[in-house]
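What follows is a short report on a single structure.
The values are calculated or read from the model by the stated rules, or taken from the named source; none is laboratory data. Everything quoted here is computed from the prediction, not taken from an experiment. Cβ: placed from backbone, ideal geometry, glycine included. Neighbour counts: every protein chain shown. With ligands, DNA and RNA removed, areas are computed over all heavy atoms of the protein, side chains included. Shrake-Rupley method; radii C 1.70, N 1.55, O 1.52, S 1.80 Å.
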Amino acid sequence: MTRPQDPLDPKRSGPPARAADDDGPQGPGGGDGGPGTGVVTKVRPKTKKPAMYKVLMLNDDYTPMEFVVHVLERYFSMNNQRATEVMLHVHQRGVGVCGVYTYEVAETKVTQVMDLARQHQHPLQCTIEKDGDD
């Protein structure tokens with residue numbers, strides 16, 4: 001019985017062993033210029049960035065300012081100083097941007113804010129608007 005040759009053995013003679021699915025340096029067809037020697041390239045479609053939406057908070061005369069600051073800190077990850085600035089902007093101008101997100105995230109944030117406001121019996125309103133900065 002003979003031992004199989006080790007393909008990495010430097011004393012081994014002959015061409016290096018190839019895997020069964022290795023088509024070699026010429027590719028499929030053996031490099032004779034026949035069928036199957038072309039290069040196939042896959043065209044990958046460019047992915048578009050998703051549309052972004054602004055979450056807007058609307059001013060009202062009844063929701064306490066402290067509650068608005070709490071909402072901005074909790075759902076929009078703002079620190080106290082930034083949340084206070086946004087709250088004052090909403091209070092003075094009537095509307096303010098809480099953040100810009102993909103549609104699904106923006107809708108979720110609006111729902112979370114409105115649910116919390118309703119639980120605390122505040123008329124706080126939030127809405128979304130497509131961001132025009134695309």
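Structure values in brief
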read-out	value
Scan of segment 52-72 for residues that are assigned to a loop (DSSP other than H, G, I, E, B), out of contact with any Gly (no Cβ under 7 Å at 6 or more places or on another chain) and open to solvent by 40 Å² or more (accessible area, probe 1.4 Å), ordered by number	Asp61, Tyr62, Pro64
Lone unmet requirement of (1) under 19 Å from Gln121 (Cα atoms); (2) out of contact with any His (no Cβ under 6 Å at 6 or more places or on another chain) for Thr63	(2)
Residue within segment 83-90 that is of a type in the set (Gly, Ala, Ser), within 17 Å of Tyr62 (Cα to Cα) and either in a helix (DSSP H, G or I) or over 19 Å from the mean Cα position of the chain (by Cα) (or both) present	no
Where a residue in segment 46-74 is acidic (Asp, Glu) and its partner, wherever it lies, is assigned to a helix (DSSP H, G or I) and open to solvent by less than 40 Å² (accessible area, probe 1.4 Å), with Cβ under 7 Å and at least six apart	Glu73/Ala83
Cβ-Cβ under 9 Å pairs, at least 6 apart or on other chains, segment 76-96 side closer than 19 Å to Thr111 by Cβ, far side open to solvent by 30 Å² or more (accessible area, probe 1.4 Å) and in a helix (DSSP H, G or I)	Phe76/Arg82; Phe76/Lys109; Met78/Thr84; Met78/Glu85; Val95/His89; Gly96/Leu88; Gly96/His89
